[in-house]
Amino acid sequence: MTKTEIDFPRYIDHTLLAMDATEAQIATLCDEAKQYGFYAVCVNSGYVPFAADALRGTEVKVCSVVGFPLGAGLTAAKAFEAKAAIEAGAGEIDMVINVGWLKSGKIDAVTADIRAVHQVCAAIPLKVILETCLLSEQQIVQVCQICRELKVAFVKTSTGFSTGGAREQDVKLMRQTVGSEVGVKASGAVRDRLTAQTMILAGATRIGTSSGVSIVTGAAPSGKY
């Protein structure tokens, strides 16, 4: 694949997850997604009904984050939020793993956490956020193996709210581990076309970014995520 062959808009989850995001800003997000043909918008669950209404009749999906951004809540709370977001109109779910459990060696608990949300999602694609900047290569591989075995739709690098975002080497490792059956979403610090191209060529099949317009137009980066 070359740069000229990449259909950038179809890779992009156009994202606004700021605590102070206003309804007007979410409306603009949805308008831009429709204008540029982005794959999805990604919003906090409280804005799912609004986004779903704004995008009704279009091909743009609504993605909701769950357990965001820390991932440290009760598994039952994550599953409930995912179910509620889907009922409100979300067509995809991005959940954050419990990083503390993983670093404590509680692999069974991490697996059960992901499985519970995946079961609630049923046919709705689930993306599992690893927060790679906090993990060793071994831990990245562990979670990717869990996700591959559970047959989730995607593994995702980052929330964009921690100490770092997507890195080319992490995307390559994730792709190598999950194989061709699971998607890889690169998110966090993907703010321009060159970085998006690098992530896609490394194996990413989706890009999470608040700079979607900059990526597709080649303009100066405008987003923070």
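Looking at this structure, is Gly188 buried (at least 24 other Cβ atoms within 10 Å of the Cβ), at positive phi, in contact with a Gly (Cβ under 9 Å, 6 or more places away or on another chain) and not basic (Lys, Arg)?
Yes, satisfied.
Of all residues in the stretch 199-222, count the ones that are among the aliphatic types (A, V, I, L, M), in a loop (DSSP other than H, G, I, E, B) and buried (at least 20 other Cβ atoms within 10 Å of the Cβ).
1
For Ala90, only one of the following conditions fails: (1) part of a helix (DSSP H, G or I); (2) closer than 21 Å to Leu55 by Cα. What is its number?
Going through (1) part of a helix (DSSP H, G or I); (2) closer than 21 Å to Leu55 by Cα one by one, Ala90 breaks only (1).
Of all residues in the stretch 63-81, count the ones that are open to solvent by 10 Å² or more (accessible area, probe 1.4 Å) and outside any helix (DSSP H, G or I). Spell out the reasoning first.
Residues of the stretch 63-81 open to solvent by 10 Å² or more (accessible area, probe 1.4 Å): 67-70, 72-77, 79-81.
This time we only want the ones that are outside any helix (DSSP H, G or I), so: 67-70, 72-74.
Matching residues across the stretch 63-81 total 7.
Any idea how many residues of the stretch 13-30 are charged (D, E, K, R) and either closer than 15 Å to Phe68 by Cα or exposed (fewer than 13 other Cβ atoms within 10 Å of the Cβ) (or both)?
So the answer is 2.
Sort out which residues of the stretch 35-58 are in a loop (DSSP other than H, G, I, E, B), within 16 Å of Tyr11 (Cα to Cα) and hydrophobic (A, V, I, L, M, F, W, C), and write them in order of number.
Phe38
When both residues are 6+ apart or on different chains and their Cβ atoms are under 6 Å apart, which pairs have a first residue that lies in the stretch 106-121 and is on the phi < 0 side of the Ramachandran plot, and a second that is open to solvent by 50 Å² or more (accessible area, probe 1.4 Å)?
Filtered contacts from the stretch 106-121: Ala109/Trp101; Val110/Trp101; Val120/Lys83.
What single numbered condition from (1) among the β-branched types (Val, Ile, Thr); (2) buried (at least 20 other Cβ atoms within 10 Å of the Cβ); (3) out of contact with any Asp or Glu (no Cβ under 9 Å at 6 or more places or on another chain) fails to hold for Val99?
Unmet for Val99, out of (1) among the β-branched types (Val, Ile, Thr); (2) buried (at least 20 other Cβ atoms within 10 Å of the Cβ); (3) out of contact with any Asp or Glu (no Cβ under 9 Å at 6 or more places or on another chain): (3).
If you go through the stretch 176-185, how many residues are modelled with pLDDT of 95 or more, open to solvent by 50 Å² or more (accessible area, probe 1.4 Å) and under 13 Å from Gln145 (Cβ atoms)?
1
Are any of the residues in the stretch 128-142 open to solvent by 10 Å² or more (accessible area, probe 1.4 Å), out of contact with any strand residue (DSSP E or B) (no Cβ under 6 Å at 6 or more places or on another chain), under 30 Å from Asp53 (Cβ atoms) and among the aliphatic types (A, V, I, L, M)?
Within the stretch 128-142, not a single residue is open to solvent by 10 Å² or more (accessible area, probe 1.4 Å), out of contact with any strand residue (DSSP E or B) (no Cβ under 6 Å at 6 or more places or on another chain), under 30 Å from Asp53 (Cβ atoms) and among the aliphatic types (A, V, I, L, M).
Among all residue pairs at least 6 apart or on different chains, which show Cβ distances below 8 Å where the first residue, located in the stretch 82-95, is open to solvent by less than 20 Å² (accessible area, probe 1.4 Å) and the second is polar (S, T, N, Q) and at pLDDT 95 or above?
Final answer for the pair search is Ala82/Ser64; Ala85/Ser45; Ala85/Ser64; Ala90/Ser45; Ala90/Ser64; Glu92/Ser64; Ile93/Ser64; Asp94/Ser64.
Just checking, which of Ala186, Ala116, Ala196, Ala123 is assigned to a loop (DSSP other than H, G, I, E, B) and not basic (Lys, Arg)?
On inspection, the qualifying residue turns out to be Ala123.
Scan the stretch 153-177 residue by residue and report those that are more than 26 Å from Ala18 (Cα to Cα) and touching a strand residue (DSSP E or B) at 6+ places or on another chain (Cβ under 6 Å).
Listed by number, the residues that qualify are Met174, Arg175.
Would you confirm whether any residue within the stretch 217-224 is under 17 Å from the mean Cα position of the chain (by Cα) and at pLDDT below 95?
The initial filter retains those residues of the stretch 217-224 that are under 17 Å from the mean Cα position of the chain (by Cα), namely 223-224.
If we keep only those that are at pLDDT below 95 too, we end up with 223-224.
Yes, that holds for at least one residue.
The values are calculated or read from the model by the stated rules, or taken from the named source; none is laboratory data. Nothing here was measured: the structure is a model prediction, and the numbers come from that model. Backbone-built Cβ (ideal geometry, glycine too); neighbour counts: all protein chains shown. What goes into the accessible areas is simple: the full protein's heavy atoms, side chains included, and nothing from ligands, DNA or RNA. Shrake-Rupley method; radii C 1.70, N 1.55, O 1.52, S 1.80 Å.
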